[in-house]
Amino acid sequence: MAELRPSGAPGPTAPPAPGPNAPPAFASLFPPGLHAIYGECRRLYPDQPNPLQVTAIVKYWLGGPDPLDYVSMYRNVGSPSANIPEHWHYISFGLSDLYGDSRVHEFTGTDGPSGFGFELTFRLKRETGESAPPTWPAELMQGLARYVFQSENTFCSGDHVSWHSPLDNSESRIQHMLLTEDPQMQPVQTPFGVVTFLQIVGVCTEELHAAQQWNGQGILELLRTVPVAGGPWLITDMRRGETIFEIDPHLQQERVDKGIETDGSNLSGVSAKCAWDDLSRPPEDDEDSRSICIGTQPRRLSGKDTEQIRETLRRGLEINSKPVLPPINPQRQNGFTHDRAPSRKDSLESDSSTAIIPHELIRTRQLESVHLKFNQESGALIPLCLRGRLLHGRHFTYKSITGDMAITFVSTGVEGAFATEEHPYAAHGPWLQVKTAVGEKAQEEEVPLRSGTIALLRSAELSSHPSV
């Protein structure tokens, strides 16, 4: 639960924001990470020292359900001459390390990221006559923060979030999100590391699909060129009734389709409802035909496999990344190596470390035939996998959100894969790789399925669940 109050109002867990001339004794009582972010807010809004703020009644570190301690809401006048309308500006506090005492985040030094390394922002167009900001964006931000805390998957600019519901629970067509750098908030150096600010941008379903098929940054640039769809500061208008492709039909063919043909997709993988079966191995019983097990314990990804899949997903988000699956390196530790402490548990790891099978005891198996199963939303991304990734000599991974299974499609141009031309289906524990004879000049209909089969599961799609 949360309550709405001015940020300067006294509260049980946080003092009012100190001003620039606050006495040293007072400033020392104020959480240093929080103070640093407030400083950036004061730079941007010097005339709003005490904005309205949604605060978690029971803080996350005291057992509450909301990871964000606060969400501040500012009134931004915009710039009519630059097609930037007046809007509400929401800024989160809690994804970064506010306190530095390990109550929420592990301190890893001042040179790296603070906490998860970012805070969320959101810009909502102000309606005529609106005197106070709506509070629903704060709950939206809490929902994204819960996903980050529970999965320990971080966001970066260009990412998309499939939400499958109007962001404000209305009848709006704005039902999904892209993320980008906030156009005004500058990175902040805090005593506990660096904090950047990622802005949520509401988009329609058609715009989300275009971002998946091409890339998020490309769609963000198109949104910036259409004032009613976001404009230069990418302000979300929940009353927007047309997509950018309906506003300007030429954008689809001249920008998106050409971009897909030239660049492919930079989406290298998704969390999805998926599974696979080894059809070349006779099932021992009915249950065995539906899941792959060692004895009575389900197979789980080893730490090394976890890292390799994670690196595959991360590298695929880099537009100019080389199509290489990183080798398994026993010297490297679990956890993100580029922006996160090694001790953090990643969402690809098993929930129970005791159930992880040692990597050295898992051998790579060559399979004769496989059965791939996807729910409807995941199956709809198969053309993206073919057209946007494999035809460009890249790879694409489905990681199950209901278990430890993973399915990676690799083209002939990808190095470091354990699936080969001779053995196109290969498994390492619950991680399946499918090698496809697809090159830059191949056509989608020429992709050989060999003896494999694909089925769409008749399972309900997740409602309001981020799929990043």
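The values are calculated or read from the model by the stated rules, or taken from the named source; none is laboratory data. Computed from a prediction, not measured in an experiment: that's the story for all the values here. Counting neighbours? That spans all protein chains shown, and the Cβs are built from the backbone with ideal geometry, glycine included. For accessibility, only protein heavy atoms count, side chains too; no ligands or nucleic acids. Shrake-Rupley method; radii C 1.70, N 1.55, O 1.52, S 1.80 Å.
Table for the structure above
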quantity	calculated
Accessible surface, 1.4 Å probe, highest first, among residues Asp47, Asp278	Asp47, Asp278
Neighbourhood net charge (9 Å Cβ-Cβ; Lys/Arg +1, Asp/Glu -1) for Ala229	-1
Largest to smallest accessible area among Cys204, Cys156 [probe 1.4 Å]	Cys156, Cys204
Net charge of Cβ neighbours under 12 Å - reference Val58; Lys, Arg +1; Asp, Glu -1	-2
Where Lys373, Lys258 fall by accessible area, highest first, once all protein chains stay in place (1.4 Å)	Lys258, Lys373
Net charge, Arg103 excluded, C-beta distance under 10 Å - Lys, Arg +1, Asp, Glu -1	-1
Computed FRET value (nearest 0.05) for Ala82 with Thr135, which takes r as the C-beta separation and R₀ as 30 Å	0.60
Potential extension, Thr110-Leu44 segment - 0.36 nm per residue separation minus Cα distance	21.4 nm
At R0 = 30 Å, FRET efficiency that the Cβ-Cβ distance of Phe30 and Glu127 yields, to 0.05	0.30
Geometric extent, Cα atoms of segment 66-171 - Rg, Dmax (angstrom)	15.7, 46
Alpha carbon convex hull of segment 158-272, projected area averaged over orientations, nm²	8.5
Rg to Rh, two decimals, where segment 94-231 supplies the alpha carbon set and Rh follows Kirkwood	0.99
Solvent-accessible area of Leu62 with every protein chain in place, 1.4 Å probe, in Å² to the nearest 10	110
Per-selection Rg to Rh, segment 87-130 - Cα, Kirkwood hydrodynamic radius	1.22
Accessible surface of His209 - all protein chains present, 1.4 Å probe, nearest 10 Å²	90
Estimated vicinal HN-Hα couplings, Hz - segment 365-380 in sequence order (Karplus 6.51, -1.76, 1.60; Gly, Pro = x)	10, 8, 10, 7, 8, 9, 10, 9, 10, 9, 6, 4, 5, 5, x, 5
